[in-house]
Amino acid sequence: TTALLIAVSPVNERVVWASGTQGTWLRTVDGGANWQAGRVPGADSLQFRDVHAVDGRTAYLLSIGNGAQSRIYKTADAGVTWRLLFTNPDPKAFLDCMDFWSPTQGIVVSDAVDGNVVVLATRDGDGWARLAPSSLPSAPDGEGSFAASGTCLVTRPGGHAWIAAADPARSRV
């Protein structure tokens, strides 16, 4: 591929997925000896800044950008088809990164909107919904996370999640 690659997600030493600009994704199932590259149909203008690999057939892609440019896609057939699971309806939101506790339970974090941290969640791997702002801490104006390679969010067993964010005056986790 000639696309800029931005994110990588290994399942094990043989299965690895990657993603990047121009709607690009890559997959290897033989430890990198051979790679399959493709583009998500209709997503040529998107930057997939995060990828979460479940197995050799299943992966999620997260595109970044204001409003509808922020999207979540999923394949369950090794990239033959991609389903659009979520398109950001808020023009002020900007999805940054995602992580999962299991193959079907995960979260996505956005830059703050109107003083609120924005987090989306899924319990079934397909439907995504915004968590109630009242259940999350408030956010200073201009706070956001670094939208590259999925490094701004980490989940761990027991429902724990850590988000790195910053505004012009300070950073916090």
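Just so you know, in region 87-101 the residues that are in a strand (DSSP E or B) and open to solvent by less than 10 Å² (accessible area, probe 1.4 Å) include one that is farthest from residue 16 (Cα to Cα), and it is 95. Among the residues of region 1-46, those that are in contact (Cβ under 8 Å) with a residue 60 or more places away in the chain, open to solvent by 10 Å² or more (accessible area, probe 1.4 Å) and of a type in the set (A, V, I, L, M) comprise 6, 8. Take the conditions under 18 Å from residue 24 (Cα atoms) and either small (Gly, Ala, Ser) or more than 12 Å from the chain's Cα centre (by Cα) (or both) and apply them to residue 65. Does it pass? Considered against the rule, which asks whether it is under 18 Å from residue 24 (Cα atoms) and either small (Gly, Ala, Ser) or more than 12 Å from the chain's Cα centre (by Cα) (or both), residue 65 comes out as yes. The set of residues from region 47-72 being of a type in the set (Ser, Thr, Tyr) and open to solvent by 10 Å² or more (accessible area, probe 1.4 Å) comprises just one member, 58. Residues in region 76-113 that are among the acidic types (Asp, Glu) and without any contact (Cβ under 8 Å) to a residue 24 or more places away in the chain: 77 alone.
In region 119-145, the residue that is most open to solvent (accessible area, probe 1.4 Å) out of those that are assigned to a loop (DSSP other than H, G, I, E, B) and at pLDDT below 95 is 141.
The requirement of being touching a Ser or Thr at 6+ places or on another chain (Cβ under 9 Å), within 24 Å of residue 68 (Cβ to Cβ) and either at pLDDT below 95 or polar (S, T, N, Q) (or both) is satisfied by residue 22. I'd like to know if region 74-81 contains one or more residues that are among the hydroxyl-bearing types (Ser, Thr, Tyr) and either open to solvent by 30 Å² or more (accessible area, probe 1.4 Å) or in contact with a Cys (Cβ under 9 Å, 6 or more places away or on another chain) (or both). Yes, region 74-81 contains a residue that is among the hydroxyl-bearing types (Ser, Thr, Tyr) and either open to solvent by 30 Å² or more (accessible area, probe 1.4 Å) or in contact with a Cys (Cβ under 9 Å, 6 or more places away or on another chain) (or both).
Residue check: is residue 149 within 23 Å of residue 51 (Cβ to Cβ), under 15 Å from the mean Cα position of the chain (by Cα) and in contact (Cβ under 8 Å) with a residue 12 or more places away in the chain? Yes; evaluated as a whole, the condition is true for this residue. Checking each residue in region 102-112 for being surrounded by fewer than 18 Cβ atoms within 10 Å (Cβ to Cβ) and either under 14 Å from the mean Cα position of the chain (by Cα) or assigned to a strand (DSSP E or B) (or both) picks out 103, 104, 105.
The values are calculated or read from the model by the stated rules, or taken from the named source; none is laboratory data. Computed from a predicted structure; not experimentally measured. Neighbour counts are summed over all protein chains in view; Cβ atoms, including those assigned to glycine, are modelled from backbone coordinates with ideal geometry. The protein model used for the area step is the full one, side chains on, heavy atoms only, and it has no ligands, DNA or RNA in it. Shrake-Rupley method; radii C 1.70, N 1.55, O 1.52, S 1.80 Å.
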